[in-house]
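Working notes for the structure below.
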Amino acid sequence: MFFLQNDLNNSQTMIVQSVLKKIGFYNGKVNGVYNSNLEEAVRQFQSQNGILADGIVGPVTYKALEKYILGYTYYRIEPNDTLTSIAEKNHSTVNLILSANPNINPNNLIPNTVITVPFNYNVVMDDINYTYKAMWYNIMGLIQRYPFLEASSIGKSVLGNDLFLIKFGDGPKKIHINASHHALEWITSVFVMKFIESISNAYINNEDIDGYNIENIFNTHTFYIVPMVNPDGVDLVTEGLQPNNPYHNDLIMWNKTGRPFSEVWQANIRGVDLNHNYDAAWKESKNAEKALGITGPGPTRYSGEYPFSEPETQAMRDLTQNEDFYLALAYHTQGEVIYWNFMNLATQRDQDIGDILAKASGYTLDTATGVASYAGYKDWFIKDFRKPGYTVEAGKGKNPLPITQLPRIYEDNMRLILAATTV
């Protein structure tokens, strides 16, 4: 929760900047700096909402901002209202209102009935350093405006954060997508959340995306999406080490790099690299980490005490074992490459599908080597299920990739995922 302006950390300030920009009060950079420009924007917002205009984001101001962060409000129908008039009064659209209220009869609006009215802007915050809380807000906002989305938790992280699963579609072909096994790679979470919002909006408006009929995909496929496998690690990277973190002293000891967590931390909050904690050549991964001088928890490459030692990988294992996914995509950064094989267990079919995904995205199809080729989610999926699994390394540069790369990542990988529905 937000309190006084001086208590806002960088990521919280970014959320305030982002939402005030969406609703027209702020025109500066979304950079986490609480400067005079942002303070004036807060004052203007407060004045228009009957709040003491002190320029401070305290509890009252936060409460007023929250509906805009979530992207919807509640409205009590008045006599003579129409969906068009309600949409105009609340900066919404008729299609959004119908989507959020599937049981409403537009020809028989009943006065005093309270309905959900989404605002006519995208909910997903695609201009901030993403956090678990930001994702939570976005999920809560999306399921209100698109009730056909199913949100649930497949388990808890080490620190008790929900590992959210979002389902889109009602078809028999099940495709799995996950993101942010690695903390530095949080931009992949923003991408998959933006993907969910885009296909949902196209679905209610009966629109195609790049020539793909989204209604047809909804009826033939079901996406099972885990947008943030490692929420504790992501928050460590984007918000920094908090004094109340139960692993505070351990984390300082484990990070022997001399560099801040925001530049080096890939692991979960216990220092286990989740994408080296799956039961697929796990012993080889342990041998490789020893060769790298890794002897225990740390920023990267530590495979844990045993396969599936972490609650995050246990939850991913259970989800995958309980569902019959025909294809799995694990999102990472960086390199614009798609890794497709594991110990020569993949088939020609899997390579052919990989070629289709590579062509759609412009990425290169390749095979991982060395320590990167052991104990990952994709490796385990191929080993245990003998089905096509791919590690997609999105974007290019040094992790963490800046949020400015998101438009390119989105464009390339939207095409990749849609192409995956054709195989």
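The values are calculated or read from the model by the stated rules, or taken from the named source; none is laboratory data. Computed from a predicted structure; not experimentally measured. Heads up, the Cβs are rebuilt from the backbone with ideal geometry, glycines too, and the neighbour counts pull from every protein chain shown. The protein model used for the area step is the full one, side chains on, heavy atoms only, and it has no ligands, DNA or RNA in it. Shrake-Rupley method; radii C 1.70, N 1.55, O 1.52, S 1.80 Å.
Table for the structure above
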{"quantity": "Mean separation of Cα contacts under 8 Å (6+ apart) over length of the chain, as relative contact order %", "calculated": "14 percent"}
{"quantity": "Cα radius of gyration and Dmax for the chain (Å)", "calculated": "22.3, 74"}
{"quantity": "At 0.890 mPa s and 25 °C, Stokes diffusion of the range 21-94 via Kirkwood alpha-carbon radius, µm² per second", "calculated": "175 µm²/s"}
{"quantity": "Accessible surface, the chain, averaged per residue in Å² (probe 1.4 Å)", "calculated": "41 Å²"}
{"quantity": "Helix-only [θ]222 nm of the chain, DSSP H runs n ≥ 4, -39500 (n - 2.57) each, per residue, nearest 500", "calculated": "-12000 deg cm²/dmol"}
{"quantity": "Candidate aspartates and glutamates - alpha carbon under 20 Å from Lys133, same-chain residues fewer than 8 apart omitted", "calculated": "Asp7, Glu66, Glu150, Asp162, Glu185, Glu197, Asp232, Asp235, Glu239, Glu312"}
{"quantity": "HN-Hα J in Hz across the range 271-280 - Karplus 6.51, -1.76, 1.60, θ = phi - 60°, x for Gly and Pro", "calculated": "x, 9, 6, 4, 8, 10, 10, 8, 7, 8"}
{"quantity": "Under 16 Å from the Cα of Lys173 - aspartates and glutamates, other chains or at least 8 residues apart", "calculated": "Glu215, Glu323, Asp324"}
{"quantity": "Normalised contact order of the range 183-271, rounded percent, pairs of Cα under 8 Å and 6 or more residues apart", "calculated": "39 percent"}
{"quantity": "Projected label distance in nm at Asp208 and Asp352, using a 7 Å step from Cα toward the beta-carbon", "calculated": "2.5 nm"}
{"quantity": "J(HN,Hα) series, the range 317-325, from Karplus relation 6.51 cos²θ - 1.76 cosθ + 1.60, nearest Hz, glycine and proline x", "calculated": "4, 5, 4, 5, 6, 8, 10, 9, 6"}
{"quantity": "30 Å Cα-Cα threshold exceeded, pairs from Lys194/Lys256; Lys67/Lys359; Lys67/Lys398; Lys67/Lys156", "calculated": "Lys194/Lys256; Lys67/Lys359; Lys67/Lys398"}
{"quantity": "Integer Hz, Karplus 6.51/-1.76/1.60 couplings in order for the range 72-89, x for Gly and Pro", "calculated": "7, 9, 10, 9, 8, 5, 9, x, 6, 5, 10, 4, 5, 5, 5, 4, 5, 5"}
{"quantity": "Accessible area of the range 335-394 belonging to carbon and sulfur atoms, whole % at 1.4 Å probe", "calculated": "48 percent"}
{"quantity": "Exposure rank, largest accessible area first [Arg43, Arg76, Arg259; 1.4 Å]", "calculated": "Arg76, Arg259, Arg43"}
{"quantity": "Cα-based convex hull volume of the range 136-213 per residue, rounded to whole Å³", "calculated": "113 Å³"}
{"quantity": "Apportionment of accessible area to carbon and sulfur, the range 40-175, percent (1.4 Å)", "calculated": "48 percent"}
{"quantity": "Whole-percent carbon and sulfur share, accessible surface of the range 182-314, 1.4 Å", "calculated": "46 percent"}
{"quantity": "Beta bridges by DSSP in the chain, antiparallel share as percent, to the nearest 5", "calculated": "50 percent"}
{"quantity": "Between the range 398-423 and the range 1-76, the alpha-carbon center distance in angstrom", "calculated": "30 Å"}
{"quantity": "Residues with amide H under 5 Å from that of Lys396, placed H, sequence gap 5 or more", "calculated": "Gly335"}
